[in-house]
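We did not get these values from a lab; they are worked out from the coordinates using the rules stated. Owing to the predicted nature of the structure, the values given are computational and were not obtained by experimental measurement. A quick note on method: Cβ atoms are made from the backbone with ideal geometry, for glycine too, and the neighbour counts reach across all protein chains shown.
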Amino acid sequence: MPDVFTKAKRSDVMSRIRGRGNKETELALMKLLRRHHITGWRRHQKVFGKPDFLFRRNRLALFVDGCFWHRCPRCYRRPKSNRKFWDAKIARNRERDRQVTHELRRLGWRVIRIWEHALARRQKFIFDRIQAALQKAPVDWKKYDRPKIVQKH
């Protein structure tokens, strides 16, 4: 069946579709957290970079990075078609990841990034990383919310 839109219009329509994370990988991490009775996390919080999971009290942000979309060094397979587009797209994703991690750390957050493949193969390692980050003393987050204003006289 032929498309009812022109190629340009179809591109415009498709570009406006936005997902809300990778549900399957986020659910896998949720199961891991619940299995180990790790509490205090929230999802879909309004924090810079939109972490997948957030522990506000500990100022810990968890991201689950898809192996394809974030170019996992172990699993990534470069597409055979439209390579110029995909190379640019993946490069932008990786640069955004670096900027988000840097900015959150600058604001006093701890950041853990977990590869999609690790959720299936390295759950003990993931649990240990999260547990270690959570066992550190809770951060006094109030001091990070507003920059101090220094008045000059």
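Results, tabulated for the structure shown:
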item: Positive minus negative residues near Cys75 (Lys, Arg vs Asp, Glu; Cβ under 12 Å); result: +3
item: Added length on full extension, which subtracts the Cα-Cα distance from 0.36 nm per residue, Gln135 to Lys31; result: 35.4 nm
item: Cα gyration tensor category, rounded, prolate or oblate, for region 1-125 with a/c compared to 1.5; result: prolate
item: Partner aspartates and glutamates for Lys23 [C-alpha distance under 16 Å; skip if fewer than 8 residues away on the same chain]; result: Asp52, Asp65, Glu116
item: Backbone HN-Hα couplings from phi across region 37-46 [Karplus 6.51/-1.76/1.60, Hz, Gly and Pro as x]; result: 6, 8, 10, x, 9, 9, 10, 6, 8, 8
item: Pairs beyond 32 Å (Cα-Cα), from Lys9/Lys80; Lys7/Lys31; Lys31/Lys89; Lys9/Lys31; result: Lys7/Lys31; Lys9/Lys31
item: Computed lengthening from Val47 to Arg77, 0.36 nm per intervening residue step minus Cα-Cα distance; result: 7.7 nm
item: Derived scalar couplings ³J(HN,Hα) [region 57-74; Karplus, 6.51 cos²θ - 1.76 cosθ + 1.60; whole Hz; x for Gly, Pro]; result: 4, 9, 6, 10, 10, 10, 10, 9, 9, x, 4, 6, 5, 10, 6, 4, x, 8
item: Cβ crowding within 10 Å averaged over residues, with 72-78, 90-96 ranked highest first; result: 90-96, 72-78
item: Under 5 Å, built H, 5+ apart or other chain: amide partners of Gln45; result: none
item: Partners for Lys136 among lysines (Cα-Cα distance below 21 Å; same-chain residues under 8 apart left out); result: Lys124
item: Linear extension gain, Val4 paired with Gln99, 0.36 nm per residue minus alpha-carbon span; result: 30.2 nm
item: Val64 long-range amide H proximity, modeled H, under 5 Å; result: Asp52, Ile114
item: Estimated vicinal HN-Hα couplings, Hz - region 106-123 in sequence order (Karplus 6.51, -1.76, 1.60; Gly, Pro = x); result: 4, 8, x, 8, 8, 10, 10, 10, 10, 6, 3, 5, 5, 4, 8, 10, 9, 5
